[in-house]
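The values are calculated or read from the model by the stated rules, or taken from the named source; none is laboratory data. Predicted model, so just to flag it, every value in this text is computed and none were measured. No Cβ is skipped: glycine too gets one built from the backbone with ideal geometry, and neighbour counts run over all protein chains shown. Surface areas here come from the heavy atoms of the whole protein model, side chains and all, with no ligands, DNA or RNA. Shrake-Rupley method; radii C 1.70, N 1.55, O 1.52, S 1.80 Å.
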Amino acid sequence: NFNLLPRTSALENVMMPAYYAHPSRSTKEIRKRALELIDLVGLTDRMHHTPAQLSGGQQQRVAIARSLINNPGILLADEPTSALDVFVQKQVVEEMLLLRRTFGTSIVLVTHNIGLVGAMADNVLVLKDGEAVEYGKTQQVLQAPENAYTKKLMSAVPRLKRQKRG
């Protein structure tokens, strides 16, 4: 449930961190910013719904909006698309990239999803047992890895090929 408050609307869930970080800000100001973010992640029509009334992808988007309410310089996204179907994963990736462009927020992405790395990352750090084994520009590391572990990791990525019918 992305740590959303279960009895609180999507809008209130987005507003909550701003109350704690900036107690002197007015509710009107916080609400205005939250409404901008709710609109940005495409949930204006669902803003009064509780988490139980939202799909997993919608909950994820509420969590993304909530994480941006205080205009962070860096956003840590730990497995942001896990347990989401591929269509919702695509939406989440597109929205995170839009937010990065719109607000200039740097994103530190922690994931096992190589496709997500390729779609979102400028640079990649490959870890094995908590140790850095390779670092570089994403396309360079993904297309021509130098480290044996990275090569093994890349060879494990499924490559779908269409079978010819004959």
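Just a few scattered comments:
- Members of region 29-64 that are farther than 22 Å from ALA119 by Cβ, part of a helix (DSSP H, G or I) and either touching a Lys or Arg at 6+ places or on another chain (Cβ under 7 Å) or of a type in the set (D, E, K, R) (or both): GLU29, ARG31, LYS32, ARG33, GLU36, ASP39, ASP45, ARG46
- Those residues of region 40-64 which are in contact (Cβ under 8 Å) with a residue 40 or more places away in the chain, of a type outside the set (A, V, I, L, M) and surrounded by fewer than 18 Cβ atoms within 10 Å (Cβ to Cβ), in sequence order: GLY42, HIS49, THR50
- The C-beta contact set for region 65-86 (first residue on the phi < 0 side of the Ramachandran plot and assigned to a helix (DSSP H, G or I), second residue surrounded by fewer than 20 Cβ atoms within 10 Å (Cβ to Cβ) and β-branched (Val, Ile, Thr), distance under 9 angstrom, 6+ apart or interchain) comprises LEU68/THR105.
- Only one entry in VAL126, VAL157, VAL141, VAL133 is more than 30 Å from ILE38 (Cα to Cα), buried (at least 17 other Cβ atoms within 10 Å of the Cβ) and more than 20 Å from the chain's Cα centre (by Cα), namely VAL141.
- Residues in region 88-130 that are in a helix (DSSP H, G or I), touching a helix residue (DSSP H, G or I) at 6+ places or on another chain (Cβ under 8 Å) and within 15 Å of VAL141 (Cα to Cα): ILE114, LEU116, VAL117, GLY118, ALA119, MET120.
- Annotation note: Cβ proximity below 6 Å between a residue of region 124-139 that is among the hydroxyl-bearing types (Ser, Thr, Tyr) and a residue that is open to solvent by 90 Å² or more (accessible area, probe 1.4 Å) and in a strand (DSSP E or B) (sequence gap 6+ or interchain) occurs for TYR135/LEU125.
- Per-region count, region 1-39, residues under 20 Å from the mean Cα position of the chain (by Cα) and of a type in the set (Phe, Trp, Tyr): 1
- The requirement of being buried (at least 19 other Cβ atoms within 10 Å of the Cβ) and either closer than 20 Å to GLU12 by Cβ or at pLDDT 85 or above (or both) is not satisfied by ILE74.
- Boolean, LYS151 is at pLDDT below 85, assigned to a helix (DSSP H, G or I) and open to solvent by 90 Å² or more (accessible area, probe 1.4 Å): no
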